[in-house]
Amino acid sequence: FKELVETPEFAAEVTIQPVDILGVDAAIIFSDILVIPEAMGLPYQMIESKGPWFERTIGNKSDIDKLKIAEAGDLPYVMDAIQLTKKELKGRVPLIGFAGAPWTILSYMIEGRGSKTFSKAKKFLYTEPLLAHQLLDKITRSTINYLKGQIASGADIVQIFDSWAGILSPDQYSEFALRYISAICDAITEVPVIIFAKGAFFAREEMSKLKCSVIGLDWNMGIEESRKAIGWDKTLQGNMDPCLLYATDEKIVSETHKMLKAFGPKRHIANLGHGLYPDIEKEKVKLFIETIKKFRF
């Protein structure tokens with residue numbers, strides 16, 4: 001996995017495949033959110049069947065002080081992959097760059113691996129709030145540099161993934177997550193920004209105030225109530241449950257039509273409410289995409 005991420009030719013090929021095979025309307029650069037901690041001085045490994053693993057984790061002020069503010073130049077393989085992908089795409093579709101949200105990155109840096117609860121990371125917010133803010137600030141500044149580098153390399157739009165948003169309380173999310181997402185949105189003025197915060201249904205109204213263009217919804221967020229909370233100033237993205245794609249063709253078509261009708265004809269990017277699972281058949285994904293493209297109000 002890391003070899004794919006860190007080899008521009010491979011990353012470009014993987015990025016372009018969904019455009020060629022599935023007919024999607026945009027490409028998203030093949031990379032990983034954890035390249036940022038690595039660029040800051042905290043390397044990680046990908047362990048088969050287990051996911052990411054950090055040999056060293058963050059536990060105190062000294063650990064945070066040792067981290068650097070990453071620059072775009074610290075991640076040349078991502079910049080090279082974007083430039084190569086843009087060249088290969090020849091303007092067929094736009095290219096999306098991305099980064100992990102600061103809270104999600106912090107959770108891995110403290111936990112050292114994936115977790116169902118991220119209790120170590122949450123404990124850090126309660127017991128060391130000042131250090132948490134110090135770390136979040138470093139991650140945020142690194143992320144801004146990284147995204148600006150992606151944009152300079154050719155990304156047409158960028159997305160922030162807050163994968164672990166939903167495990168925080170509303171107050172914690174406001175203090176330790178949204179504040180830093182807002183700082184990224186304020187800094188990125190060159191291209192549109194998409195925010196996807198999985199599970200943060202409680203923050204939709206607050207997110208409507210962000211200087212972003214698009215808010216992604218997961219499949220647990222009702223479409224009508226989300227539009228009411230967010231308003232019409234933002235485009236909504238989503239929000240089909242990826243597990244629908246295990247269903248029959250008829251079910252996929254009917255549920256996709258239902259989703260499209262609920263969002264309506266304005267300010268909606270039709271998409272899944274999260275990523276695909278490895279065992280989903282590509283023909284089912286293709287059917288989902290073709291159903292969307294053929295749909296007319």
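The values are calculated or read from the model by the stated rules, or taken from the named source; none is laboratory data. Everything numeric in this text was worked out from a predicted model, so none of it was measured. Every residue, glycine among them, receives a Cβ derived from its backbone with ideal geometry; neighbour counts consider all protein chains shown. Calculation scope for accessible area: heavy atoms of the full protein, side chains included, ligands and nucleic acids excluded. Shrake-Rupley method; radii C 1.70, N 1.55, O 1.52, S 1.80 Å.
For the range 14-52, give me each residue that is within 17 Å of the chain's Cα centre (by Cα) and within 17 Å of Val158 (Cα to Cα).
Thr15, Ala26, Ala27, Ile28, Ile29, Phe30, Ser31, Asp32, Ile33, Leu34, Val35, Ile36
Which fully enclosed strands (runs of 3 or more DSSP E) of the range 1-101 have 2 or more residues being open to solvent by 50 Å² or more (accessible area, probe 1.4 Å) and modelled with pLDDT under 95? Even if it seems obvious, please write down each step before you answer.
Working: elements: 44-47, 51-54, 95-100.
Strands (runs of 3 or more DSSP E) meeting the threshold: 44-47.
Report yes if Ser226 is within 23 Å of Asn145 (Cβ to Cβ) and either at pLDDT below 95 or part of a helix (DSSP H, G or I) (or both), otherwise no.
no
Within the set of pairs 6 or more residues apart or between chains, which connect a residue that is on the phi > 0 side of the Ramachandran plot and in a strand (DSSP E or B) inside the range 248-272 to a residue that is open to solvent by 60 Å² or more (accessible area, probe 1.4 Å) and acidic (Asp, Glu) with Cβ atoms less than 9 Å apart?
Sorted first by the residue in the range 248-272, then by its partner, the list stays empty.
Kindly list the number of the only condition in (1) out of contact with any Lys or Arg (no Cβ under 9 Å at 6 or more places or on another chain); (2) of a type in the set (Ser, Thr, Tyr); (3) surrounded by fewer than 18 Cβ atoms within 10 Å (Cβ to Cβ) that fails for Ser208.
For Ser208, the failing item is (1).
Taking the condition of being farther than 17 Å from Pro37 by Cα and in a helix (DSSP H, G or I), how many residues in the range 121-136 meet it?
8
Being in a helix (DSSP H, G or I), touching a residue at least 24 places away in the same chain (Cβ under 8 Å) and charged (D, E, K, R) is the filter here, so list the residues in the range 273-297 that pass it.
Answer for the range 273-297, where residues must be in a helix (DSSP H, G or I), touching a residue at least 24 places away in the same chain (Cβ under 8 Å) and charged (D, E, K, R): Lys282, Lys284, Lys286, Glu290, Lys293.
Taking the residues in the range 232-250 that are open to solvent by 10 Å² or more (accessible area, probe 1.4 Å) and in contact with a strand residue (DSSP E or B) (Cβ under 7 Å, 6 or more places away or on another chain) as candidates, determine which candidate is farthest from Ile289 (Cα to Cα).
Across the range 232-250, the extreme among qualifying residues is Lys234.
Which of the residues that make up the range 102-120 are in a helix (DSSP H, G or I) and of a type in the set (A, V, I, L, M, F, W, C)?
The first filter runs over the range 102-120 and keeps only residues in a helix (DSSP H, G or I), leaving 102-111, 119-120.
Matches in the range 102-120: Trp103, Ile105, Leu106, Met109, Ile110.
Just checking, how many residues over the range 251-290 are of a type in the set (Lys, Arg) and open to solvent by less than 60 Å² (accessible area, probe 1.4 Å)?
Number satisfying all stated conditions: 1.
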